[in-house]
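Notes to accompany the following structure.
The values are calculated or read from the model by the stated rules, or taken from the named source; none is laboratory data. Bear in mind the structure is a predicted one, so any value in this text is a computation, not a measurement. Every residue, glycine among them, receives a Cβ derived from its backbone with ideal geometry; neighbour counts consider all protein chains shown.
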């Protein structure tokens with residue numbers, strides 16, 4: 001019964017994650033924030049049938065997968081291979097086919113061959129028997145199953161790993177479910193299993209001897225060299241931008257809570273108490289990585305920051321310039337330059353400036369933007385045929401500018417592009 005997982009299911013409707021009796025807003029990051037460190041994964045169902053609404057829900061699913069640090073599976077409304085592809089391309093670890101539907105059973109083999117068995121799962125709703133030959137034949141194409149508790153004994157005999165769908169399990173229920181052969185854990189609906197209830201259940205199950213999936217650190221607290229006050233300094237850096245956000249301190253309890261929950265927890269020297277960053281303000285920090293320095297007397301925490309890190313409302317506590325070399329300050333990382341240029345383009349869009357070429361392009365519309373983008377791409381090709389490589393640099397810079405104008409017009413950001421590149425790296 002080692003490392004059993006608890007996953008949360010929810011529905012996406014017209015672009016928003018919603019459940020009966022529970023509303024998480026229109027931002028998928030809100031749901032991720034709520035369950036961070038508590039849920040080991042998610043099962044997202046798309047309930048929309050109309051194309052427009054379904055596309056909005058797929059966009060929301062894509063945003064959710066980018067925000068989540070744990071894997072997600074997607075289901076609902078799957079009737080074609082194209083639907084499977086869209087769910088996987090949205091960033092889900094797998095698409096889950098409803099095996100009660102004949103159309104899904106018929107395409108299970110082809111979906112497995114096209115996308116790989118690891119990316120295909122199956123759900124067996126109440127009233128669908130695993131022993132049914134039509135269903136049993138599909139199981140060879142599924143790497144994971146979602147079954148009702150009544151079907152758990154049948155699922156254990158299939159040899160396919162499975163989750164039991166149980167919305168409000170007690171500690172006793174959890175022990176019974178997790179003791180069966182082949183079970184990975186259980187899946188509960190967000191409407192029934194709030195984050196606080198899930199955290200409490202995890203603690204109760206752990207106390208009852210159930211080994212759950214937990215974060216583990218490579219170093220114990222004793223491995224660090226603390227200051228005279230027994231505290232460990234922590235430099236906090238934003239993972240997405242490399243910006244240093246703040247410096248804080250940890251005691252042993254704060255360190256262990258941070259590792260276990262994935263939520264940055266510090267020790268407040270002024271209040272002499274634990275301090276979960278964001279508990280009051282809502283500006284939580286979530287762990288992306290923790291590194292000790294060469295002397296093991298300082299911790300570097302790379303985090304995902306929600307809202308402002310500084311109590312003044314500034315994103316970073318380090319906003320007061322003391323000394324700055326103007327020349328060196330311009331030698332920035334490519335991603336910083338691109339982000340700043342993109343923000344300038346967005347500002348021009350919102351606040352037009354007389355004589356601005358950027359505003360000229362926005363006024364002319366998408367056709368003019370695309371015409372210029374095509375011309376700049378051609379200029380790169382021509383420059384690449386010439387012996388002087390500097391020409392290519394100039395043309396690429398022009399191309400990137402016009403590309404960002406198109407991105408701004410279509411509501412895309414560099415984060416969208418980066419997330420897709422990261423997803424492809426993981427896939428490869």
Margin query: Quick test for you: out of 75, 138, pick the one residue that is in the same structural domain as residue 9 (by TED's automatic domain parsing) and under 20 Å from residue 6 (Cβ atoms).
Written below: 75
Next item on the list: Please find, within region 387-420, the residue that is nearest to the chain's Cα centre (by Cα) out of those that are farther than 19 Å from residue 361 by Cβ, in contact (Cβ under 8 Å) with a residue 12 or more places away in the chain and buried (at least 16 other Cβ atoms within 10 Å of the Cβ).
Entry: 419
Check: Can residue 160 be described as crowded, with 22+ Cβ neighbours inside 10 Å and in the same structural domain as residue 61 (by TED's automatic domain parsing)?
Finding: no
Check: For region 96-113, what are the residues that are surrounded by fewer than 23 Cβ atoms within 10 Å (Cβ to Cβ) and not in a helix (DSSP H, G or I)?
Finding: 98, 100, 101
Notebook entry, point to check: Before we move on, is residue 313 outside the structural domain of residue 70 (by TED's automatic domain parsing), part of a loop (DSSP other than H, G, I, E, B) and over 32 Å from the mean Cα position of the chain (by Cα)?
Noted result: no
Margin query: Residues to consider are 407, 369; find the one that is in contact with a helix residue (DSSP H, G or I) (Cβ under 9 Å, 6 or more places away or on another chain), closer than 30 Å to residue 93 by Cα and at pLDDT 90 or above.
Written below: 407
Next item on the list: Any chance you could count how many residues in region 32-77 are within 11 Å of residue 17 (Cβ to Cβ), part of a helix (DSSP H, G or I) and out of contact with any helix residue (DSSP H, G or I) (no Cβ under 8 Å at 6 or more places or on another chain)?
Entry: 1
Check: Looking at residue 155, is it at pLDDT 95 or above and either surrounded by fewer than 20 Cβ atoms within 10 Å (Cβ to Cβ) or assigned by TED's automatic domain parsing to the domain that holds residue 169 (or both)?
Finding: no
Next item on the list: Take the residues in region 119-134 that are touching a strand residue (DSSP E or B) at 6+ places or on another chain (Cβ under 8 Å) and within 20 Å of residue 76 (Cβ to Cβ), then tell me which one is surrounded by the fewest Cβ atoms within 10 Å (Cβ to Cβ).
Entry: 126
Next item on the list: Please indicate, with yes or no, whether at least one residue in region 118-132 is assigned to a helix (DSSP H, G or I) and farther than 23 Å from residue 41 by Cβ.
Entry: no
Notebook entry, point to check: In region 190-210, which residues are part of a loop (DSSP other than H, G, I, E, B) and surrounded by 14 or more Cβ atoms within 10 Å (Cβ to Cβ)?
Noted result: 190, 191, 192, 193, 194, 210
Checklist line | Matching entry among 46, 7 (being in contact with a strand residue (DSSP E or B) (Cβ under 6 Å, 6 or more places away or on another chain), within 18 Å of residue 192 (Cβ to Cβ) and modelled with pLDDT of 85 or more) | finding: 7
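Residue-wise test of (1) farther than 16 Å from residue 344 by Cβ; (2) in the same structural domain as residue 240 (by TED's automatic domain parsing); (3) not in a helix (DSSP H, G or I).
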| position | (1), (2), (3) |
| --- | --- |
| 371 | yes, no, no |
| 375 | yes, no, no |
| 378 | yes, no, no |
| 386 | yes, no, yes |
| 395 | yes, no, no |
| 399 | yes, no, no |
| 403 | no, no, no |
| 409 | no, no, no |
| 416 | yes, no, no |
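Every residue, every condition in (1) more than 22 Å from residue 134 (Cα to Cα); (2) buried (at least 21 other Cβ atoms within 10 Å of the Cβ), yes or no:
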| site | (1), (2) |
| --- | --- |
| 57 | yes, yes |
| 64 | yes, yes |
| 75 | no, yes |
| 82 | yes, no |
| 85 | yes, no |
| 89 | yes, no |
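Conditions (1) touching a strand residue (DSSP E or B) at 6+ places or on another chain (Cβ under 7 Å); (2) under 20 Å from residue 30 (Cβ atoms), marked per residue:
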{"residue": "267", "(1), (2)": "yes, no"}
{"residue": "271", "(1), (2)": "no, no"}
{"residue": "274", "(1), (2)": "yes, no"}
{"residue": "278", "(1), (2)": "yes, yes"}
{"residue": "291", "(1), (2)": "yes, no"}
{"residue": "294", "(1), (2)": "no, no"}
{"residue": "303", "(1), (2)": "yes, yes"}
{"residue": "306", "(1), (2)": "no, yes"}
{"residue": "318", "(1), (2)": "yes, no"}
Check: If you go through region 320-352 one residue at a time, how many are surrounded by 10 or more Cβ atoms within 10 Å (Cβ to Cβ) and either at positive phi or modelled with pLDDT of 90 or more (or both)?
Finding: 10
